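Data first, discussion second: the structure below is written as structure tokens.
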Amino acid sequence: MGELRLMKGNEVLAEAAIRAGVDGYFGYPITPQSEVMETLMLRKPWEETGMVVLQAESEVASINMVYGGAACGKKVMTSSSSPGYSLMQEGISYLAGAELPCVIINVSRGGPGLGTIQPSQADYFQVTKGGGHGDYHVIALAPNSVQEMSDFMTLAFDLAFKYRCPAVILSDGAIGQMMEKVYLSDFVPRRTEEQIRKDCGEWCTLGSKRHNVITSLELDSVVMEQRNIALMKKYAEMQKEARYEAYMTDDADYLFVAFGTASRICKKSIEMAREKGIKAGLFRPITLYPFPTKALYEIGTKMKGILSVEMNAGQMVEDVKLAVECKVPVEWAGRNGGIIPSPDEVLEALETKIIGGK
Amino acid sequence: MAEIELKDIIKEENIVYKKSNIILDRTMHYCPGCSHGVTHKLVAEVIEDMGIQDQTIGVSPVGCSVFAYNYLDIDWQEAAHGRAPAVATAIKRLLPDKYVFTYQGDGDLASIGAAEILHACNRGEHIVCIFVNNAIYGMTGGQMAPTTLVGMKTATTPYGRDIDRNGYPLKITELIAQLPGTCYVTRQSVDTAAAVRKTKKAIRKAFENQRDKKGTSFIEVVSTCNSGWKVDPVKANQWMRDHMFKFYPLGDMKDATRDNPADYEQYIKEEK
Ligand SMILES: Cc1ncc(C[n+]2csc(CCOP(=O)(O)OP(=O)(O)O)c2C)c(N)n1
Ligand code: SF4
Ligand SMILES: [Mg+2]
């Protein structure tokens, strides 16, 4: 295990990036994640590892910088929060279309519009259902602790390169802002140009006599359809990467499904429920895409009822219903506007919407 | 008189002109008379002359020249509409010893991508920007561009560009010349043999500036789009000379590297 520290979630993202051997970070300030770039600028990783850190003129520019770096086979990333993540959608679609690996962090806040700077999970649809134009998906990881902010950096890059696909870490303002102890991972050196050529030489544009071209454009519909089919195959292949945590589900009658901050609340609600004799458990999707559908079916269909607890107006609940094929009652409970639901509220929702509602 | 045979003529020493090896054997999709083809050729020749084929990464735009990557035998990235300077920024920062250039149209560079080009130039990214200004959106069927001249008829200004409705044509190159990050800003054309030679020289200088890490070099090529303008290539060239050159006068706007390196050092100091 690595070095133990007490750190803020956003700071950990910066530290984890340096330790993961990231080549470039491009970002634009937005609350509640500005500490990511601030920490990087303070740390001056360019002196230590040669990592490039650049404040871009907008999120539109930062995501296109990520495109440029990713197309060179470099490990590049950006971070933002909801409005900035919205601005990146065209770029993310291009990254998916050109099959480029990168990591994008969304420390999400409440919307719509300028909304609130308080934590929210209202970007679930945008992250998991594509977000930009055209048929594509991004790998989506949902940390629920400062430790996972660190651990998922390496995981996100590994998956992104394995599938040549953007990977998103969907966090929220609460995890970004809170301090927890964290075991930082060990330093991994940045890859040399030689190593990149070995790993990605087939496609990357490092300057070569190969005439490597990175593009998402194809005007011949017959060829374009083949590209779409290849993407569909890739997404099908990716399903095996689905990750989840099952907490006290073995003897449970009722199931909470929650990710990120909401999942932590649910754990407290479970404790309170069990004190009252209600056997509740938690299913926490760790990958929001691919969604752990199979595992949720297996665990969820054994339950008397399921409550999807979200800090939004009810988004993941659709995937929960699909996963259990509506074989058990599924309801949504949650808060909006940047409010984190309390454990009492969540338990009460279970009692009224699921147990009482039967 | 003895008969001359073809094989006596086709000899290395007799070659006066040759297609650059960087240009791939593919039929270009450009309309006959379009300025893009000649401009591609010049970029290819400079890359070949400098021997930097395997060290160069081009960034193509969204516009008629989106397919530039099909014609030049180097590594390419195709950028989203207007974002080539951001893409190029990252490539160059991550690969500081490579040559990176953007190739963009006027809609791409001066309209949707105005922010990206201004900021890349202002940061003084060590890249080359080739800006093909044909005063129209060629690819989408000839709509008004920010560079469209007042009174000029396009698909979206069927009665001519009107200042009240559409605002003024944008001299973005003049704006860019103001930015301390740029070291060389010039406006050229490719309508005559002499102009072609001058433009090639400018492109060469721009790539040399990049080699010497002097800042951003920006080359506008005032161009024709005979299809978009709905005239034949000869008339298009004449119209360009009569109208475009008046509003977009040719010549160097800034050459901070011109006289001697000491001047340039001084210039950088003053700007800083
Ligand atoms: C986001 C976005 N908006 C609009 C378009 C449509 N579009 C494609 S090319 C183009 C204009 C290109 O004009 P210009 O840059 O002048 O290039 P030219 O074809 O004249 O060389 C537009 C508006 C697009 N592809 N993407
Ligand atoms: S439409 Fe205009 S810019 Fe496009 S290829 Fe034809 S002449 Fe060139
Ligand atoms: Mg144009």
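Structural remarks
- Highest-first arrangement of B:111-123, A:233-245, A:55-67, where packing means the average Cβ count within 10 Å: A:55-67, B:111-123, A:233-245
- Calculated FRET efficiency for the pair residue A:158/residue B:49, C-beta based, R₀ 51 Å, to 0.05: 0.75
- Virtual paramagnetic centre 7 Å along Cα→Cβ of residue A:209, amide N under 13 Å, in the range B:13-56: B:22, B:52-55
- Ranking B:175, A:49, A:287 by how far each Cα lies toward the positive end of the dipole of the protein assembly as shown (charges on Cβ) leaves B:175 at the top.
- The residue B:5 and residue B:245 beta-carbon pair, evaluated with R₀ = 56 Å, returns a calculated FRET efficiency of approximately 0.75.
- Percent RCO, i.e. relative contact order, over chain B, from Cα pairs under 8 Å lying at least 6 residues apart: 17
- Extension gain for residue B:70-residue B:122 works out to 15.7 nm (0.36 nm per residue, less the C-alpha to C-alpha distance).
- Point-charge dipole on Cβ atoms (K/R +1, D/E -1) for chain A, about Cα centre, debye to 20: 440
- The order of the peptides B:239-250, A:300-311 by mean Cβ neighbours within 10 Å, most packed first, is A:300-311, B:239-250.
- Within the accessible area of chain A (1.4 Å probe), percent carbon and sulfur: 53
- Centre separation in Å (Cα based) which lies between the range B:116-131 and the range A:109-143: 32
- Normalised convex hull volume, chain A, alpha-carbon set, Å³ per residue: 138
- Descending semi-axes in Å of the protein assembly as shown, equivalent ellipsoid built from Cα gyration tensor: 53, 25, 23
- Tensor-based shape of chain B (alpha-carbon gyration tensor, a/c under 1.5 rounded, otherwise prolate or oblate): oblate
- Kyte-Doolittle at least 0.0, axis length at least 20 Å by Cα - qualifying DSSP helices, chain A: A:146-163
- Pairs of Cα atoms nearer than 8 Å and 6+ residues apart set the relative contact order; for the range A:137-229 it is 24 percent.
- For the residues of B:66-78, the average number of beta carbons from a partner chain within 10 Å of their own beta carbon is 5.
- For a 4.7 Å threshold on C-beta separation, the list of partnerless cysteines in chain A reads A:72, A:102, A:165, A:266, A:326.
- Peptide A:338-350 shows a mean partner chain C-beta count of 0 within 10 Å per residue C-beta.
- Between the range B:5-31 and the range B:144-170, the alpha-carbon center distance in angstrom: 41
- Accessible area buried at the A-B interface, both sides summed, 1.4 Å probe (Å², nearest 100): 2700
- Sites residue A:268 and residue A:180 - FRET efficiency at Förster radius 22 Å, r taken between beta-carbons, to 0.05: 0.90
- Given charges at Cβ of Lys, Arg, Asp, Glu: chain B dipole, positive-most of B:196, B:24, B:217: B:217
- Value of relative contact order over chain A, rounded to a whole percent, pairs C-alpha under 8 Å and six or more apart: 18
- Among A:31-39, B:72-80, A:100-108, the peptide with the highest mean count of other Cβ atoms within 10 Å heads the list, and the full ranking is A:100-108, B:72-80, A:31-39.
- Inter-chain Cβ neighbour average for residues A:211-220, partner chain, 10 Å: 5
- Spatially proximal lysines relative to residue B:246 (Cα-Cα < 23 Å; intrachain offsets below 8 disregarded): B:153, B:171, B:198, B:200, B:201, B:230, B:235, B:254
- Each of B:130, A:92, A:39 was scored by the projection of its Cα onto the charge dipole of the protein assembly as shown, and the greatest displacement toward the positive side belongs to B:130; charges sit on the C-beta of Lys, Arg, Asp and Glu.
- A straight Cα-to-Cα reach below 16 Å connects residue A:302 with the lysines A:279, A:294, A:321, A:327, A:358, residues fewer than 8 places away in its own chain not being considered.
- For the range B:30-267, the Cβ-based charge dipole about the Cα centre amounts to some 420 debye (Lys, Arg positive; Asp, Glu negative; other atoms uncharged).
- For the protein assembly as shown, the mean residue ellipticity at 222 nm estimated from helices alone is -11000 deg cm²/dmol, where every DSSP H run of n ≥ 4 contributes -39500 (n - 2.57) and the total is divided by all residues, rounded to the nearest 500.
- Between residue A:117 and residue A:4, the modelled label-to-label distance comes to 3.4 nm, taking each label 7 Å out from Cα in the direction of the beta carbon.
- Gain in span if fully extended, residue A:348 to residue A:129, counting 0.36 nm per residue against the direct Cα distance: 75.8 nm
- Gap separating the Cα centres of the range B:197-246 and the range A:224-277, nearest whole Å: 57
The values are calculated or read from the model by the stated rules, or taken from the named source; none is laboratory data. Just so it is clear, the model here is predicted, and its values are computed rather than measured. Methodologically, a virtual Cβ is constructed for each residue, glycine included, from the backbone with ideal geometry; neighbour enumeration extends over all protein chains shown. Just so you know, the surface numbers come from the protein's heavy atoms only, side chains and all, with ligands and any DNA or RNA stripped out. Shrake-Rupley method; radii C 1.70, N 1.55, O 1.52, S 1.80 Å.
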